[in-house]
Every structure is written in C-alpha cells, then in structure tokens.
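Student: Mind looking over this structure? Questions follow.
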Amino acid sequence: MQRSIYKQLLQWKDSANRKPLILLGARQVGKTYILKEFGHREFSKFIYINCHNNSFVTALFRDFNIERILYDIGQEYETEIIIGETLIFFDEIQETHNGLSVLKYFCEEKRELHIVVAGSLLGISLKEDESYPVGKIDTLRLYPMSFIEFLYANNRHKLCESVETQKWESLSTSSETLTNLLRQYYFCGGMPEAVQEWVNTKDTTAVRKIQSDIIDAYERDIAKHTKVLAQRIHLVWNSVPAQLSKENKKFIFGLLKKGARANEFEIALQWLCDAGIVYKVQQISMPKQPLKFYQSDGFKIYLLDCGLLACMSGIRPKDLLLGMDIFTEFKGAFTENFVLQQIIADTATIFPRQTFYYSKDNSQMEIDFLIESPNRTIPIEVKAGNVVHSKSLYNFINNDFAQLKLKGVRFSLLPYTDQDWMENVPLYGINGYLQDEFRE
C-alpha cells in the first residue's frame with residue numbers, strides 16, 4: 001500500500017547527516033510493512049531482524065562492540081554488509097535489552113551504515129530500564145492511513161490526483177462518489193490491516209474483527225501496569241466515545257467515575273497520549289502565534305483512528321456506510337475525529353505543531369481546531385454535513401479578533417468556495433488542502 005511517509009524515508013536514505021532511524025507509531029499502523037517495502041525496493045541487500053523473543057538478538061546486544069555485532073549479523077544471515085548498499089532493520093526494538101542503547105554506538109562508530117528500527121510507542125513507553133539515545137538518532141512517526149492513502153489503496157488514483165492538486169470543480173462533479181468513499185473510511189478507518197481487508201473483501205464483519213483485535217492488543221498493553229494505574233488508564237480510554245458524544249466535547253473527569261479528580265487521572269491520560277492512541281487538543285485563550293503561549297486548562301480528547309472509534313462505540317456498520325446519518329447524528333464526533341486525524345497525518349512530518357481549540361467559557365462560541373502553518377494561524381470549523389449555519393467562525397474572525405486579520409477554513413460536505421474571510425473545503429478534499437498549506 002502506498003504511504004506518504006515513503007518520501008521522508010527516501011530523504012533519510014540520501015541525507016549526508018543521516019543517523020540511525022527510529023520509526024515510531026502505535027501498534028498496527030504499518031511500521032513493519034513500510035520499512036520492509038523500503039528495504040526491498042531501495043537497497044541491494046536487506047537484513048530483517050525481529051527482536052521479539054529472539055535468542056540471537058539477546059546475545060547480539062550483550063555489549064556495544066559494533067564491529068562484533070556486525071560480524072555476528074553477517075555470519076547469522078550469511079551476507080556481506082556493505083556500506084551504502086545494505087539496510088539493517090531491527091523490528092520490535094523495545095522487546096530486547098540494550099536495543100535502544102546500542103543505537104548510540106551505531107551513530108558514533110558506523111554512522112554511514114543504514115540502520116532502521118521500529119517500535120510501538122506503547123512498548124517504548126514501558127521501557128524504564130533503558131535511556132533513550134537523544135541526539136544520536138533520527139526519528140519519524142507513522143500514523144494510521146489518511147483518507148488520501150485510503151483512496152490510493154482503493155485504486156482511485158484519478159480522484160487522488162484531483163484531491164492533491166485541489167481541482168475543486170472536478171471534485172464537485174465526483175462528490176457523490178467521494179462522499180461514499182468518505183463513509184467507508186469512517187467505518188474502516190486507517191489501520192492498514194483493516195483497510196486491506198476492506199479493499200479485498202468489503203466484509204464488514206471481518207473488518208470489525210480486525211479493529212476489535214487491535215483494541216484488545218492496546219488493552220493488554222495497558223494491563224501491564226500496576227493494578228491501580230491500569231484501572232485508571234482503562235477508565236480514561238473507555239470514556240473517549242462518551243466524551244466525544246457530548247455537545248461540548250471538553251474532557252470532563254467527572255464522567256470517569258463519581259467524584260473523580262484530575263490529579264487522580266493525569267498520569268493515566270498522559271500515558272495514553274504518549275502511547276499515541278489518543279490525541280489531546282488543548283484550549284487556548286487567544287489565537288496569536290505561538291498558540292502554545294496562550295494555552296489554558298481545558299482540553300478535548302480524540303482517538304487515533306475514526307474506525308477504532310466506530311468499533312469502540314458499537315456503531316452498526318450499516319449506520320456508517322448507508323445514507324447520510326453519520327453526517328447528521330453523533331453530534332459531529334466522527335467528523336471532528338476524522339478531521340483531526342487528517343491534520344495530524346498530513347502535517348506532523350512536514351511542519352509538526354500541536355493542534356488547539358478555542359472556546360469562550362461565558363458563551364457558546366467554539367472554534368473546533370486551530371493550527372499554525374508555516375505562514376499563518378488557521379481557525380478551523382468542522383461541520384458534519386451540508387447544514388453549516390453557525391455564527392462562531394464569522395464572529396471569531398470578523399468581530400472578536402478582527403485586528404488579527406485571520407482567514408478561516410470550514411470543512412463540510414459543501415463544494416469549495418472562497419468567501420475572502422473563510423474558505424469552505426469539502427471534507428473529502430482536506431488532504432490536498434492541508435498538504436498545500438503546509439508546503440513551505
């Protein structure tokens with residue numbers, strides 16, 4: 001499957017300042033697949049080493065003698081390791097002792113050698129006995145597949161071209177087809193195994209089983225903690241659908257259990273954020289750059305993948321795939337989660353910035369998201385369907401903060417329009433719009 005991160009992998013390969021590369025990401029986002037594709041396509045020699053329950057790897061990293069390590073790898077895999085021609089890929093790096101630490105010595109002694117490793121954010125966050133090799137590695141982060149990657153997986157290459165080049169008139173002509181594909185993405189999400197199953201079979205039961213298995217894997221990782229912390233992480237994790245179903249999606253600790261206080265659950269919430277399976281969107285008091293300077297206490301929590309959100313919510317597949325209910329029900333939760341998922345997937349490797357939202361405590365005004373592109377601050381309003389009546393974005397830009405001369409964007413199912421103070425971008429065209437906005 002075609003993944004956007006491949007371009008960054010090629011840039012790393014050809015960089016004169018290259019260091020060992022760690023590809024991070026939550027479980028099942030496709031790290032192993034894309035690095036294997038990269039190794040087979042771009043190198044004449046590719047050595048794949050899975051560190052999980054591997055006695056060879058345990059002995060391999062008994063010390064940090066890089067010459068011995070490379071000699072042992074060559075012997076085990078009966079191949080010559082050639083600088084510039086060989087890629088060595090250590091998978092599940094968090095599963096072996098000294099797996100992270102040894103990267104420091106690869107950087108210092110064999111920097112010219114192409115070394116990549118992959119590990120789940122969950123697994124690496126659990127490693128307490130090993131220091132992270134700060135300054136000695138390059139890092140990339142892989143997310144669930146974006147909607148544009150979903151289109152490529154479904155062999156809709158012409159539609160992809162129109163999205164990426166923002167051919168709005170052509171997209172408007174194909175709006176019914178794209179809206180149908182958008183419904184499919186809401187159900188399927190961007191976890192590669194689920195996407196591949198959907199492309200191959202269109203079997204909703206099989207896709208939902210894959211999604212359930214991924215959620216079970218996350219919950220097994222959560223259970224590795226102490227009983228008290230694991231219980232608190234589970235309470236936060238399981239509350240995400242309910243938190244998003246509220247009209248005001250600000251995270252409320254009181255929904256976790258009666259009498260719950262923030263200081264009880266802050267560590268649990270941070271663990272889920274660090275693991276990459278939830279995204280935290282912080283409230284700001286002022287839309288001025290840098291937005292982080294104006295961060296306040298409120299926040300919203302979203303899931304890493306809208307397909308997993310659908311699975312956790314128990315929404316019937318037909319309610320997502322048929323008709324327009326998904327765009328009018330559930331208080332826009334799926335559409336907001338979808339939009340944030342695209343923002344993160346499309347901008348994190350290009351111009352990484354945190355996503356924020358704005359809300360007035362004494363009124364109903366709320367701006368769903370605010371992001372900083374290389375050139376401006378962008379207020380974003382998300383509308384789930386064709387009904388877009390709302391005064392919040394207009395008042396925010398033209399009245400409350402008119403002196404800042406901001407221009408907003410509204411993502412909805414309406415065709416593209418530019419109203420000077422705001423652009424309306426169809427939800428199925430979000431990826432092309434963001435990629436263009438974040439291209440320096």
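The values are calculated or read from the model by the stated rules, or taken from the named source; none is laboratory data. Note that the structure is predicted; figures quoted are calculated from it, not measured. Counting neighbours? That spans all protein chains shown, and the Cβs are built from the backbone with ideal geometry, glycine included.
Student: Could you count how many residues in region 216-253 are under 16 Å from residue 314 (Cα atoms) and surrounded by fewer than 17 Cβ atoms within 10 Å (Cβ to Cβ)?
Tutor: Here the count works out to 4.
Student: Does residue 85 qualify as being under 25 Å from the mean Cα position of the chain (by Cα) and of a type in the set (Asp, Glu)?
Tutor: no
Student: Also, quick follow-up: Of all residues in region 387-421 being modelled with pLDDT of 95 or more and small (Gly, Ala, Ser), which is nearest to the chain's Cα centre (by Cα)?
Tutor: Out of the qualifying residues, it is 408.
Student: To continue, here is another question. Take the residues of region 178-217 that are outside any helix (DSSP H, G or I) and either over 20 Å from the mean Cα position of the chain (by Cα) or of a type in the set (Lys, Arg) (or both): which is nearest to residue 385 (Cα to Cα)?
Tutor: Looking at the filtered set, the residue picked out is 202.
Student: Being at pLDDT 95 or above, among the charged types (D, E, K, R) and closer than 30 Å to residue 215 by Cβ is true for just one of 19, 36. Which residue is that?
Tutor: Step by step, each of 19, 36 is checked, and only 36 is at pLDDT 95 or above, among the charged types (D, E, K, R) and closer than 30 Å to residue 215 by Cβ.
Student: Identify all residues within region 24-61 that are more than 23 Å from residue 277 (Cα to Cα), in a strand (DSSP E or B) and not β-branched (Val, Ile, Thr); write none if there are none.
Tutor: Of everything in region 24-61, those that are more than 23 Å from residue 277 (Cα to Cα), in a strand (DSSP E or B) and not β-branched (Val, Ile, Thr) turn out to be 45, 46, 48, 50.
Student: Working carefully through the options 305, 361, find the one that is of a type in the set (Asp, Glu) and at pLDDT 95 or above.
Tutor: The unique qualifying residue is 305.
Student: Restricting the search to region 234-285, which residues are of a type in the set (Val, Ile, Thr) and more than 27 Å from residue 214 (Cβ to Cβ)?
Tutor: 284
Student: Against the condition out of contact with any Lys or Arg (no Cβ under 7 Å at 6 or more places or on another chain), surrounded by 14 or more Cβ atoms within 10 Å (Cβ to Cβ) and either under 19 Å from residue 292 (Cα atoms) or not polar (S, T, N, Q) (or both), how does residue 374 come out, does it pass?
Tutor: Against the criterion (out of contact with any Lys or Arg (no Cβ under 7 Å at 6 or more places or on another chain), surrounded by 14 or more Cβ atoms within 10 Å (Cβ to Cβ) and either under 19 Å from residue 292 (Cα atoms) or not polar (S, T, N, Q) (or both)), residue 374 does not qualify.
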